[in-house]
Amino acid sequence: MSQHNPFNDPFVAYLRAQVAVRLARLRAEEQRDRGASAIEWAIITAILALLAITIGAIITKKVTDKANTINTG
């Protein structure tokens with residue numbers, strides 16, 4: 001009795017090739033999306049950091065100005 005290896009069947013080989021092509025495309029898209037997403041997150045983080053520094057500077061100035069007007073004498 002001859003054993004037939006289903007992985008050598010032409011239809012199975014075709015399906016494996018199609019799946020490989022689709023996986024390669026998916027991985028390529030994922031890499032592009034990941035890069036764009038990283039840039040977007042870096043920009044958002046920079047904006048939030050700048051905003052936090054600006055707000056901190058404003059609060060520090062107001063507190064310092066108010067503290068300097070306190071009469072200690």
Does A57 satisfy being exposed (fewer than 10 other Cβ atoms within 10 Å of the Cβ), modelled with pLDDT of 90 or more and in a helix (DSSP H, G or I)? no
Can you tell me which residue in the range 60-73 is nearest to the chain's Cα centre (by Cα), limited to those that are of a type in the set (S, T, N, Q) and either at pLDDT 90 or above or part of a helix (DSSP H, G or I) (or both)? T60
State all residues of the range 1-47 that are assigned to a helix (DSSP H, G or I), acidic (D, E) and modelled with pLDDT of 70 or more; if no residue qualifies, say none. E29, E30, E40
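The values are calculated or read from the model by the stated rules, or taken from the named source; none is laboratory data. Computed from a prediction, not measured in an experiment: that's the story for all the values here. A quick note on method: Cβ atoms are made from the backbone with ideal geometry, for glycine too, and the neighbour counts reach across all protein chains shown.
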